[in-house]
Amino acid sequence: MTVADGWETYADEQRERVGFFTDTSVCIGCKACEVACKEWNLVPDDGHVWTGNSYDNTGELSANTWRHVAFVEQEKPLLTNGDGGTGLRWLMESDVCKHCTHAACLDVCPTGSLFRTEFGTVVVQQDICNGCGYCVPACPFGVLDKRHLAPAPDLPAFAKEDGRVWKCTLCYDRLKGGHEPACAKACPTKSIQFGPLEELRERADARLAKLEAEGWNGAQLYGRDPEDGVGGFGAFFLLLDEPEVYGLPPDPIVTTRDLPEMWTNMLAAAGALVVGVAAAFVGGRS
Amino acid sequence: MAMELSRLLESWPALRQLREGDPLGLGKAVQSPRSQSLVPRIDEAEHVVPSICPYCAVGCGQLVYVKDGAVTHIEGDPASPISRGRLCPKGQASKSYAYSPLREYKVKYRRPYGTRWEELSLDDAMDMIAERIVETRADTWETETEDGNPANRTMAIGNLGGATLDNEENYLIKKLMTGLGIVQVENQARI
Amino acid sequence: MPGLGTSFGRGGATTFQQDLQNADCIVIMGSNMAENHPVGFQWVMEARERGAKVIHVDPRFTRTSAMATKHVGIRAGSDIAFLGGIVNYILERDLYFREYVEHYTNAPVIIDEEFADTEELDGLFSGWDPEERKYDIESWMYEGMEVHGSGGESEQGFKPTKGEASGHGGHGGALSHGEPPSEDETMQHPRCVLQLLKKHYARYTPELVAETCGCSVEDFVEVCETLVANSGRERTSAFCYAVGWTQHTVGVQMIRACAVIQQLLGNIGRPGGGILALRGHASIQGSTDIPTLYNILPGYIPMPHAESYGDLDNYIEANTSPTGWWGHFRAYFVSLMKAYFGENANADNDFLFKSLPRIDDDNSAYWTVEQMLAGKVKGYIIAGENPAVGHANGKAHRLGLARLEWLVVRDVVEIESAAFWYDSPEVESGELKPEEIATEVFFLPAAAHTEKDGSFTNTQRLLQWHWQAVEPKDDCRSDLWFYFHLGRRIKQRLEESEEQRDKLIKALRWEYPTHSAIQEPDAEAVLQEVNGWEIASGKFLTGYPELKDDGSTLCGCWIYCGCFKDGINQTARKKPHWEQDGHVAPEWAWAWPANRRIIYNRASADPEGNPWSERKRYVWWDDGEEKWTGLDVPDFKEDKRPDYVPPDGAKAEDAIAGDHPFIMQADGRAWLYVPQGLEDGPLPTHYEPHESPFDNPLYSQRANPGRQQNQDLAEDPYNPVADEPGAEIYPYVVTTYRLTEHHTAGGMTRTVPYLAELQPEMFCEVHPDLAREVGLEHGGWATIYTSRSAIEARVMVTERVRPLKMKDGRTVHQVGLPYHWGSRGLVTGDSANDLAHMALDPNVHIQEVKAFTCGIRPGRRPRGPELPRFVAELRQQAHSRRDQDPRVEPEEARKTS
């Protein structure tokens, strides 16, 4: 199985890789996940703009929205045998950072702010991030985003302007305390399931088999496959239509596929630099 | 000088990456001080108080986390057989409701024909309201109806509300109003 | 709800949310459960995952429909036609659960020969009085029986009054003898209830349903087949409803129609069955059980009526049922008077009965608004409610508030009802000017739920305690604090008074311990009084059977008796569900009555006391132990044998036979036919909404004849309807609703950033065809108007609000309007309720905001003084056309024989 980049560095401290399985076949589009995330992570509200795009007024994942529920109104029956009444269906999907096995954002981050945690998740460290934004275009899903907020003097957490990058941490702090992430905990129908990734994949396979047997129209797993372009998602999905329908890239590829060689070159250069610096000190002393 | 050099080199990410078996700086080597010491704030709460969601009538269980006299977080109570720890967006936002930027903390008073709110102490407000009730009631008391039947009431005062109030609060409302002969006691259940 | 109360005996959900997982079929109708009760909906999803059918019947395709295995779109307000069609489908094919129906319902009872059905009188039942606009119900009785009221006397006895049954409570009527004298167990007698039902619904054919509701015959029949296939000994089906049923001029009868179906299919009192009334607020059920309602005292005890009840004995007699648990009415009432007045109430002074205030026909909330407009109400206290946005015809409410002398508003934020005098559509239009409004306004900030102790009663009759977490800041106070200290101050002022009118308030027991710096009353002390105790010993009562009628017990709400049993706050029990066996979890909080979770659960066993099937076992008779046992507290006298036959002269519950599970009913049976307790008929009948573009396809009587209207109230004008000239100005059906992201009038959600952003703006939902028809653009603006007002909304064009094909191929368009917005908050917008009228259901005085008519055109509404002018011009046009050829309804024209 593909190992998440950087996860192996924890040796003894490594914990079981965890993630989300978001099963859209039971999502009721309530947005509890969006609110639970914001309440827990103290994410600022994302503006009061009515989009007219079904019931989605959040629009997309961003620095201020780490869970986003997409709504798709379709003229398609729920089941392939035509059952389900009016032939109308309303797909809802709670999107989130995919916590990729091969995460481009991680690769390009020059500060070490973006890193792989001991749980195999991908987190931006706010005490490190300098807002350079290299990671933003690197993400094949458009998850990473810089926070541009006017300072809010009344709210200590947002007292100064912020240009850093923010995204889902899979509730890193909660994981450290042994708690499940806020969105998964709140989800009324357990559309968002949290757990060890391996277990979630098994659960998802069983779920897909059940839905296929029942004839659900378009049921498919997205990001479950460790052999895909990003080595599988740490947060993957069961969709009821093609990914594009939900605004997801159909075949995401880690944008830094060729980076390892580049880094090797850089390290060689860095090594040379160390020698050079040391020599300079030594030289200075003498 | 050597110490300084050594510390400088230690903190240099590239070296830390090499030493910690994380040559690419993707994992442990770049874990920041904050990341290393993260503690979820629910673990830092002084009290955890079981509560019930104030929105709809599903009656979800809540756990209210308190520190320094303030609510630091609210989430679902897994022990509830009804909600099993889950909450909807409203229930999940109930801390933000209690700390709404629009929340009012002071009595506001608008005098007849006034064009603005004025300040008023809670104590004065209570006295004035008590006085209004006593006076309106005295002025409009009906011992009998127009048909000569017993009435024992005032039809000039009404009370509206109760569906998001506690049973104990409703009990006192109905008891007090009945004692005062105020019969127009109504709430959202009618609506 | 009297819909449930008259049918089964208690006005509460018959089941609990978690039990939905045991259903084989769930019909959600009059409810958008996934959106408005999302966490409760997990139990519907559990059932679906286990293979249950989930049917959603609703005018719109909602997030509930998206999760259903079947959605059927119907025209708003046509529900009784649909439900009546199901009844007809069942009866015509003899698909009812015969043994259940014969033993557990009043199907075999023979009805008085004077009774005439709507089929005979073209939409009216016998007894209609066109002058009084109400029924004389004498002819509706069981044959050979005089009807006694059980809380019903005040409704129908002396002078029939408008709807004394409560909003969410109300209980069954009573009969003179335990068993009805005229019965036909073969259920063949032409006047037995089953045959009357057959006759009443015979014309509710699938074709009629289709052309009345706008659904297809196939979809309708599929619903019938699914329901029938999933009911019976081995299988059960549940219904869930909410205000999509109650908020109609026939709201109570919609619930009644559901009750008829569930009786015929044998689904009441059984696991996976029942009717789950989904209440919309944390303690809607609680606020009717311990009412803040004009017509009842705690525990559904009727308020004394001005025109009746000379003395205590008369009142008691009128409200005591000789049989069933209402046989102990005196004990319930006297114990309440002891709780209210302590030693000041005693047998010598009739427990102060004569000093209690009296009500008239209707003193409900909308009536009060009329009185405000007439200048008769001087003072008003609003606690946690926002009528300026949340009530039908917001403008009438705001104008009413402007005519008060004083107003107290208690809320967490400054809601529209507090700000009406400077921030309202009428101030914007110039109809109200702050400097001309005499109302003195006190705004008092309230404590949040985290800042006080207390109990909510949830949708399944469950009392759940919430503990205070933090102290309220500054002037913020609980309502417990406010009313306690207000009462204390008033009593102080009146201490020296010798006035007769002050006698009662002076006699009021008003001593509760307080704590903390702000002197917060002890909520548990209040709950203890609600539970009650034996006065001599101070011992807490364990249940209402212990209540005495001699003044030796005290109890603030008899149906809640037991909530502080053994001196323990039972409502605060929080034993985790994983530490309890099974899904009933009886040690989590406390349910009324007597901690029963499914009520009438004796019906989960057959007449002999055995489970109907292994699959559906719940409560049964244990012959060895000689008692009822099972998964829940039996809702039956524990040791009453299934073959128990009441001896002659048996009283109260002793007069209920061992095979009659509905112990609150005088005859122990569920009522398919309600002879007493309803204002608008013993059987649900399809009537059109007060405002509808259609005639009634069944009768020339168009709308509910008993509905309450305000024909003379200038502030509440109506649109022309059906074929009346002028109706074409308001040709569309409009329905209002809530969204997951907001709560009612928005005071608790438009003020919260994380919720405000999720649904930031008022919008209307319309179908592409309607958008084309009137030129609406998706994302643009629309103005929606009625005779009352006009509002603007962003346009959402969606297939989810489908046009329906009606009779003669006529198409009806529906306009969907969420009603959360107002002029205050982080996000603001026009209020849908400003469009609505105040015509009401006659039983419960609830407004019809789920179906009325409107016009819609593109663009924003006129501003300032132009707005009322715009509304008035259209109205005058419509009314002048109507006046040339007004419709005369049978309800007004015909004298009954």
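The values are calculated or read from the model by the stated rules, or taken from the named source; none is laboratory data. Since the structure is predicted, the reported quantities are computational estimates derived from the model, not experimental observations. Reconstructed Cβ throughout: ideal geometry from the backbone, glycine too, with neighbour counts over all protein chains shown.
Scan the range A:55-70 for residues that are part of a loop (DSSP other than H, G, I, E, B) and among the β-branched types (Val, Ile, Thr) and the total you get is 1. Restricted to helices (runs of 4 or more DSSP H) entirely inside the range C:351-437, those with at least 2 residues that are at the interface with another protein chain (Cβ under 10 Å from one of its Cβ atoms) and farther than 24 Å from C:Gly864 by Cα are C:365-373.
Among the residues of the range C:846-864, is there at least one that is in contact with a Pro (Cβ under 7 Å, 6 or more places away or on another chain), among the polar types (S, T, N, Q), crowded, with 21+ Cβ neighbours inside 10 Å and more than 14 Å from every other protein chain (Cβ to nearest Cβ)? Yes, the range C:846-864 contains a residue that is in contact with a Pro (Cβ under 7 Å, 6 or more places away or on another chain), among the polar types (S, T, N, Q), crowded, with 21+ Cβ neighbours inside 10 Å and more than 14 Å from every other protein chain (Cβ to nearest Cβ). Filter the range A:20-51 for residues that are more than 7 Å from every other protein chain (Cβ to nearest Cβ), within 16 Å of A:Phe236 (Cβ to Cβ) and either among the hydrophobic types (A, V, I, L, M, F, W, C) or not in a strand (DSSP E or B) (or both) and give the result. Correct list: A:Phe20, A:Phe21, A:Thr24, A:Ser25, A:Cys27, A:Cys33. The set of residues in the range C:795-810 being assigned to a strand (DSSP E or B) and in contact with a His (Cβ under 9 Å, 6 or more places away or on another chain) consists of C:Val795, C:Met796, C:Val797, C:Leu804. Scanning the range B:105-127 for residues that are crowded, with 17+ Cβ neighbours inside 10 Å and either more than 7 Å from chain C (Cβ to nearest Cβ) or of a type outside the set (Lys, Arg) (or both) gives B:Val107, B:Tyr109, B:Gly114, B:Trp117, B:Leu120, B:Leu122, B:Ala125, B:Met126. Going by what's in this entry, would C:Asp648 be described as within 14 Å of chain B (Cβ to nearest Cβ), more than 23 Å from C:Leu527 (Cβ to Cβ) and either assigned to a loop (DSSP other than H, G, I, E, B) or among the β-branched types (Val, Ile, Thr) (or both)? Here the answer is no, as C:Asp648 does not meet what is asked. Residues in the range C:67-75 include at least one that is closer than 22 Å to C:Pro271 by Cα and surrounded by fewer than 24 Cβ atoms within 10 Å (Cβ to Cβ). Kindly establish whether B:Leu102 is closer than 30 Å to A:Glu39 by Cβ and either touching a His at 6+ places or on another chain (Cβ under 9 Å) or facing chain C (nearest Cβ under 7 Å) (or both). For B:Leu102, the condition - closer than 30 Å to A:Glu39 by Cβ and either touching a His at 6+ places or on another chain (Cβ under 9 Å) or facing chain C (nearest Cβ under 7 Å) (or both) - is met.
What strands (runs of 3 or more DSSP E) completely inside the range C:709-786 contain at least 2 residues that are under 24 Å from the mean Cα position of the chain (by Cα)?
Filter on the range C:709-786 gives C:732-737.
Would you confirm whether any residue within the range C:444-456 is of a type in the set (A, V, I, L, M), more than 7 Å from chain B (Cβ to nearest Cβ), surrounded by fewer than 22 Cβ atoms within 10 Å (Cβ to Cβ) and not in a loop (DSSP other than H, G, I, E, B)? No, the range C:444-456 contains no residue that is of a type in the set (A, V, I, L, M), more than 7 Å from chain B (Cβ to nearest Cβ), surrounded by fewer than 22 Cβ atoms within 10 Å (Cβ to Cβ) and not in a loop (DSSP other than H, G, I, E, B).
Can C:Ala839 be described as touching a Ser or Thr at 6+ places or on another chain (Cβ under 6 Å) and either under 17 Å from C:Ala722 (Cα atoms) or not aliphatic (A, V, I, L, M) (or both)? Here the answer is yes, as C:Ala839 does meet what is asked.
Restricted to the range B:24-62, and to residues there that are under 30 Å from A:Gly112 (Cα atoms), in contact (Cβ under 8 Å) with a residue 12 or more places away in the chain and surrounded by fewer than 22 Cβ atoms within 10 Å (Cβ to Cβ), the residue that is farthest from the chain's Cα centre (by Cα) is B:Glu44. Based on this model, can you work out whether C:Phe125 counts as in contact (Cβ under 8 Å) with a residue 40 or more places away in the chain, buried (at least 16 other Cβ atoms within 10 Å of the Cβ), touching a helix residue (DSSP H, G or I) at 6+ places or on another chain (Cβ under 6 Å) and within 18 Å of C:Leu678 (Cα to Cα)? Answer is no for this residue.
Please find, among B:Lys67, B:Lys90, the residue that is within 30 Å of C:Ala585 (Cα to Cα) and free of Cβ contacts under 8 Å to residues at least 60 places away in the same chain.
When all the criteria are applied, what remains is B:Lys90.
Only one entry of C:Ala47, C:Ala68, C:Ala13 meets the criterion of being within 14 Å of chain A (Cβ to nearest Cβ), under 28 Å from C:Phe852 (Cα atoms) and of a type in the set (Gly, Ala, Ser), and that entry is C:Ala68.
Taken over the range C:548-558, the criterion of being within 28 Å of the chain's Cα centre (by Cα) and surrounded by fewer than 24 Cβ atoms within 10 Å (Cβ to Cβ) is satisfied by no residue. Only one entry in B:Arg132, B:Arg137 is modelled with pLDDT of 95 or more and more than 7 Å from chain C (Cβ to nearest Cβ), namely B:Arg137. Could you tell me how many of the residues in the range C:759-796 are more than 13 Å from C:Asp830 (Cβ to Cβ), more than 9 Å from every other protein chain (Cβ to nearest Cβ) and not small (Gly, Ala, Ser)? Of the residues in that region, 11 qualify.
Could you tell me how many of the residues in the range B:160-191 are within 21 Å of C:Phe341 (Cα to Cα) and at the interface with another protein chain (Cβ under 7 Å from one of its Cβ atoms)? Step through it out loud before you land on a result.
First pass over the range B:160-191, keeping only residues within 21 Å of C:Phe341 (Cα to Cα): B:167-185.
From what is left, the residues that are at the interface with another protein chain (Cβ under 7 Å from one of its Cβ atoms) are B:167-176, B:178-181, B:183-185.
The qualifying residues number 17.
So, B:Gly85, is that one more than 7 Å from chain C (Cβ to nearest Cβ) and part of a loop (DSSP other than H, G, I, E, B) or not? When the stated conditions are applied, B:Gly85 passes them. Here A:Leu79 fulfils each of the conditions (1) over 22 Å from C:Asp58 (Cα atoms); (2) surrounded by fewer than 21 Cβ atoms within 10 Å (Cβ to Cβ) apart from (1).
If you scan the range C:517-565, which residues turn out to be part of a helix (DSSP H, G or I) and facing chain B (nearest Cβ under 9 Å)?
Just the residues of the range C:517-565 that are part of a helix (DSSP H, G or I), to begin with: C:523-531, C:544-546, C:558-560, C:565.
Within the range C:517-565, C:Ala523, C:Glu524, C:Ala525, C:Val526, C:Leu527, C:Glu529, C:Val530, C:Tyr560 meet the criteria.
In this structure, does A:Tyr10 turn out to be over 23 Å from B:Val30 (Cβ atoms), of a type in the set (Ser, Thr, Tyr), touching a Gly at 6+ places or on another chain (Cβ under 7 Å) and in contact (Cβ under 8 Å) with a residue 24 or more places away in the chain? Here the answer is no, as A:Tyr10 does not meet what is asked.
Conditions tested, residue by residue: (1) in contact with a His (Cβ under 9 Å, 6 or more places away or on another chain); (2) surrounded by 22 or more Cβ atoms within 10 Å (Cβ to Cβ); (3) at the interface with chain B (Cβ under 8 Å from one of its Cβ atoms); (4) modelled with pLDDT under 95.
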{"site": "C:Trp465", "(1), (2), (3), (4)": "no, yes, yes, no"}
{"site": "C:Asp474", "(1), (2), (3), (4)": "no, no, yes, no"}
{"site": "C:Leu480", "(1), (2), (3), (4)": "no, yes, yes, no"}
{"site": "C:Arg488", "(1), (2), (3), (4)": "no, no, no, no"}
{"site": "C:Glu496", "(1), (2), (3), (4)": "no, no, no, no"}
{"site": "C:Ala507", "(1), (2), (3), (4)": "no, no, yes, no"}
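Out of the range C:802-848, which residues are more than 15 Å from C:Ala365 (Cβ to Cβ) and of a type in the set (A, V, I, L, M)? Those that are more than 15 Å from C:Ala365 (Cβ to Cβ) and of a type in the set (A, V, I, L, M): C:Leu804, C:Met806, C:Val812, C:Val815, C:Leu817, C:Leu826, C:Val827, C:Ala832, C:Leu835.
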